[in-house]
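Undergrad: Right, I'll just put the structure down here and ask away after.
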Amino acid sequence: MNNILLVEDDPEQASLFAQVLQMSGSAVETVADASEAQARMTAEPFALLLVDWDLPGEMKGDALILWTKIHHSGIKTILFSNHPQVDDIAAACGADASFRKTEGIIRLRQLITALVP
């Protein structure tokens, strides 16, 4: 079972993504911002960080991925957003993959399976 940390500030979207991923057999913990994510990653091991680019507070999703790559290099990362440049932003911060929310949950599950089989 994959242990996923989902960082999404929209409670409805967080709930939807978490439910679908849990139905696929993953354990999912959700937090609403980067500082909560940093605290959780420090306290518990995760296989995957699934992070929205546009987060509240001072740290956006791309900066959280950079921090994760430095402090928790074993965690795979996916940056997601509806922003049209999400692929470029993900590549610039070193994310393992990117996902546009409109691509659908099947595509997300494929990405996760490829990263953490």
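Every read-out reported here was derived from the displayed coordinates using simple, explicitly stated rules and does not represent laboratory data. Quick caveat, the model's predicted, so the values are computed rather than measured. Methodologically, a virtual Cβ is constructed for each residue, glycine included, from the backbone with ideal geometry; neighbour enumeration extends over all protein chains shown.
Undergrad: Suppose every K and R has +1 on its Cβ and every D and E has -1 on its Cβ; what is the size of the dipole of the chain about the Cα centre, in Debye to the nearest 20?
TA: With only Lys, Arg, Asp and Glu charged at Cβ, the dipole is about 460 debye.
Undergrad: Please work out the Kirkwood hydrodynamic radius for segment 1-104, using every pair of different C-alpha atoms, and report it in angstroms with one decimal place.
TA: The Cα-based Kirkwood calculation yields 13.3 Å.
Undergrad: Moving to a separate point now. Using a Gaussian network model on the chain with a 10 Å cutoff between Cα atoms, which of 54, 33, 88 fluctuates the most?
TA: Comparing 54, 33, 88 in a Gaussian network model of the chain, the most mobile one is 88.
Undergrad: Still on this model: Compare the peptides 75-83, 90-98, 107-115 by average per-residue count of other Cβ atoms within 10 angstrom and give them in order, highest first.
TA: Descending packing order for the listed peptides: 75-83, 90-98, 107-115.
Undergrad: Separate question: What is the Cα centroid distance between segment 64-88 and segment 21-47, reported in whole angstrom?
TA: Between the Cα centres of segment 64-88 and segment 21-47 lies a distance of 14 Å.
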